[in-house]
Amino acid sequence: MSLSTHNLSVGYHDKAIVKQVDLTIPEGKIIALLGPNGCGKSTLLKAMARILSPMEGQVHWQGKNLHGIASKKLAQQLALLPQTQPIPEGIKVKDLVAYGRSPYTGFWGRINKDDQVIIDKMMEETGITELADQLVSELSGGQRQRVWLAMTLAQDTPYLLLDEPTTYMDLSHQVELMHLLRKLNLQGKTIITVLHDINQAARYCDHLIVMKQGEIITQGSPESVLTQKLLKKVFSLDAQIHQDPIAKTPMCVVE
Amino acid sequence: MATRSLPILLLALLGLLIANLMFGAVSIPFKSILEGFQVGNANYFTVHEYRFPRTILAMLVGAMMALAGALVQGVIRNPLASPDVLGVSHGAGLAAVFYMTFFPDADIRWLPAVALIGSLIAALMLWWLCGQHSSTIKLAITGVALAALYASCIDFLMLVKPLEINNALLWLTGSLWGRGWNQLSMLLPWLLLIPFALWLAKPLNLIHLGDDSAISLGIKANKLRLASLAIAVGLTASCVAICGPIGFLGLVAPHLTRKLVGGRHQILLPSTMLVGAILLLLADLVARTIDPPIELPAGIMTAIIGAPYFLWLLLRTK
């Protein structure tokens with residue numbers, strides 16, 4: 001059990017957003033964090049990525065307190081794609097993706113052959129190879145999102161934490177991304193992602209964790225989690241559950 | 001971009017170094033300059049005692065102020081930030097004027113230390129007012145307000161102590177006038193900060209991506225911010241102690257350099273030092289040759305270029 005939280009409370013300005021959460025992330029799966037706005041799903045993700053320090057309790061990586069592990073070493077284990085990114089000035093796409101190799105490079109950040117192979121591969125997987133020499137500041141929102149994803153993937157970690165990675169992407173790129181995540185998952189990566197779209201989560205993820213007001217309401221496979229009652233309780237939504245005619249996964253249709 | 005810009009910058013630097021040795025109240029032909037380094041030569045005093053140390057000083061101060069600006073802009077992620085905008089230069093200035101007016105007989109060699117204390121207090125004041133997690137705009141506006149406060153304190157001191165005003169006034173506009181070997185030797189130990197600044201190039205690249213990504217990539221964001229600002233304060237204070245607050249150099253040089261060579265700090269930091277050196281050499285050359293033998297302070301020249309540039313940046317960032 002690699003990533004777990006123990007009685008974890010975390011938030012901003014002394015106000016707990018996530019409240020006393022005990023959670024063990026199932027290894028080797030694609031896990032979606034779901035819940036209404038402000039439920040604490042992003043905050044929980046940030047705490048697991050050690051961006052936020054716990055107010056109470058701990059996050060454990062392989063049984064050890066996350067904040068006690070050397071930061072460079074941890075950066076080779078956990079990678080985070082934040083929800084919003086600043087637009088760096090004067091940085092080319094290939095440079096930004098190369099920054100993902102930082103946990104492995106020396107003090108001057110020199111890239112060796114192995115690093116370059118990984119960088120090229122991730123740029124190809126995310127479909128940004130032809131953007132390599134463009135400035136990041138000149139890209140569209142969706143292109144930029146894919147460049148940052150490539151950077152995060154270049155970090156080459158067994159665990160991947162994504163905060164609403166499909167935002168700003170058009171539908172075809174969203175589907176591509178979810179397929180890419182499955183491909184990476186089949187290579188052995190555990191992927192934890194915050195998602196807005198319940199149907200997307202049910203279709204492409206193995207394990208759903210549903211939160212409301214800083215607490216975990218339920219978790220499990222999409223079939224066991226997605227019920228009419230839950231949608232009413234968590235999202236205040238009157239909806240029916242049907243089977244997706246193609247993927248055979250559960251799907252909610254709003255009444 | 002970088003590979004094309006670097007040789008041009010180096011050539012410009014070399015040209016300006018020679019021009020600064022050649023031109024002034026009297027012009028010395030190029031071939032007489034080398035002879036001027038020999039003791040006993042007719043030009044020995046002008047070249048070796050006067051122009052050479054001043055030229056080297058302008059180069060170093062320009063490079064250090066630009067580097068300080070790049071460090072501050074790097075960690076604050078705001079093109080409007082620089083040591084002078086954040087009030088650090090004026091803090092150093094206030095401490096130095098206080099020292100000069102109240103202890104007119106004191107040893108001038110303590111001036112860098114006094115300026116350093118002043119700029120440290122100014123930096124801590126800013127930190128204390130804004131806190132760790134404040135927005136960059138808040139930081140910049142607070143810094144500008146503090147700089148104005150320090151500037152008015154300087155004016156007050158000079159009105160109260162009019163006898164010592166001349167020295168302070170000359171020093172305050174940011175001038176290289178009368179600076180020579182003594183000042184150069186005072187500055188030399190501070191050059192040790194430069195390798196430490198270059199050592200931060202890699203983490204500075206990552207903090208550029210936002211704190212969340214930087215931390216996820218293994219950077220200790222707050223420690224890096226503290227280290228960068230501390231080095232920037234040290235660089236600024238040592239320069240201000242010797243030449244006074246030469247305005248806008250720390251703002252303009254890194255910004256121009258980013259346009260020339262891009263945002264990777266491994267290239268940006270060394271290049272911005274070149275650009276800073278070039279700008280100050282140019283400013284001092286113009287200031288000395290525009291109406292000889294009268295000299296304008298180099299700080300006025302940098303302000304003439306820098307102030308409109310700052311306004312343009314401000315308008316552009318809405």
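Some points to look at:
- Filtered residue count, region A:161-173, keeping only those that are touching a residue at least 24 places away in the same chain (Cβ under 8 Å), open to solvent by 10 Å² or more (accessible area, probe 1.4 Å) and not aliphatic (A, V, I, L, M): 6
- Reported count of residues in region B:30-48, each being under 32 Å from the mean Cα position of the chain (by Cα), among the aliphatic types (A, V, I, L, M) and open to solvent by 100 Å² or more (accessible area, probe 1.4 Å), is 1.
- Enumeration of residues in region A:223-242 that are outside any helix (DSSP H, G or I) and either under 20 Å from the mean Cα position of the chain (by Cα) or surrounded by fewer than 19 Cβ atoms within 10 Å (Cβ to Cβ) (or both): A:Thr227, A:Ser236, A:Leu237, A:Asp238, A:Ala239, A:Gln240, A:Ile241, A:His242
- Pairs are defined by a Cβ separation below 9 Å, a sequence spacing of at least 6 or placement on different chains, a first member in region A:98-114 that is free of Cβ contacts under 8 Å to residues at least 12 places away in the same chain and within 7 Å of another protein chain (Cβ to nearest Cβ), and a second member that is open to solvent by less than 20 Å² (accessible area, probe 1.4 Å) and in a loop (DSSP other than H, G, I, E, B); the pairs so defined are A:Gly109/A:Arg101.
- Taking the criterion of being surrounded by 19 or more Cβ atoms within 10 Å (Cβ to Cβ) and of a type in the set (Gly, Ala, Ser), the residues of region A:174-222 that qualify are A:Ala201, A:Ala202, A:Gly214.
- B:Leu268, sole failed condition from (1) among the hydrophobic types (A, V, I, L, M, F, W, C); (2) over 12 Å from the mean Cα position of the chain (by Cα); (3) open to solvent by 10 Å² or more (accessible area, probe 1.4 Å): (3)
- All positions within region B:89-135 that are open to solvent by less than 10 Å² (accessible area, probe 1.4 Å) and either among the β-branched types (Val, Ile, Thr) or in contact with a Cys (Cβ under 7 Å, 6 or more places away or on another chain) (or both): B:Val97, B:Thr101
- Leading residue by the ranking (farthest from A:Ser102 (Cα to Cα)) among those in region A:135-155 that are within 14 Å of chain B (Cβ to nearest Cβ) and under 14 Å from the mean Cα position of the chain (by Cα): A:Gln145
- Those residues of region A:212-222 which are more than 16 Å from A:Glu27 (Cα to Cα) and outside any helix (DSSP H, G or I), in sequence order: A:Lys212, A:Gln213, A:Gly214, A:Glu215, A:Ile216, A:Ile217, A:Thr218
- Counting only residues that are at the interface with chain A (Cβ under 9 Å from one of its Cβ atoms) and either closer than 30 Å to B:Val114 by Cα or of a type outside the set (Lys, Arg) (or both), region B:215-235 holds 5 of them.
- Here region A:106-160 is the region considered, the condition is being hydroxyl-bearing (Ser, Thr, Tyr) and open to solvent by 10 Å² or more (accessible area, probe 1.4 Å), and the residue that is modelled with the lowest pLDDT is A:Ser140.
- Inspection of region B:142-155 finds no residue satisfying the criterion of being within 21 Å of the chain's Cα centre (by Cα), more than 14 Å from every other protein chain (Cβ to nearest Cβ) and at pLDDT below 80.
- Within region B:200-214, tally of residues that are more than 8 Å from every other protein chain (Cβ to nearest Cβ) and touching a residue at least 60 places away in the same chain (Cβ under 8 Å): 3
- As for region B:240-252, it holds no residue that is in contact with a Gly (Cβ under 9 Å, 6 or more places away or on another chain), assigned to a helix (DSSP H, G or I), within 14 Å of another protein chain (Cβ to nearest Cβ) and not aliphatic (A, V, I, L, M).
- Count of region A:39-86 residues which are more than 10 Å from every other protein chain (Cβ to nearest Cβ) and β-branched (Val, Ile, Thr): 3
- Counted residues, region A:25-44 - those being outside any strand (DSSP E or B) and under 13 Å from A:Ile216 (Cβ atoms): 7
The values are calculated or read from the model by the stated rules, or taken from the named source; none is laboratory data. No experiment lies behind these values; they were computed from the predicted model shown. Cβ coordinates were reconstructed from backbone atoms using ideal geometry, including for glycine residues, and neighbour counts include every protein chain displayed. For accessibility, only protein heavy atoms count, side chains too; no ligands or nucleic acids. Shrake-Rupley method; radii C 1.70, N 1.55, O 1.52, S 1.80 Å.
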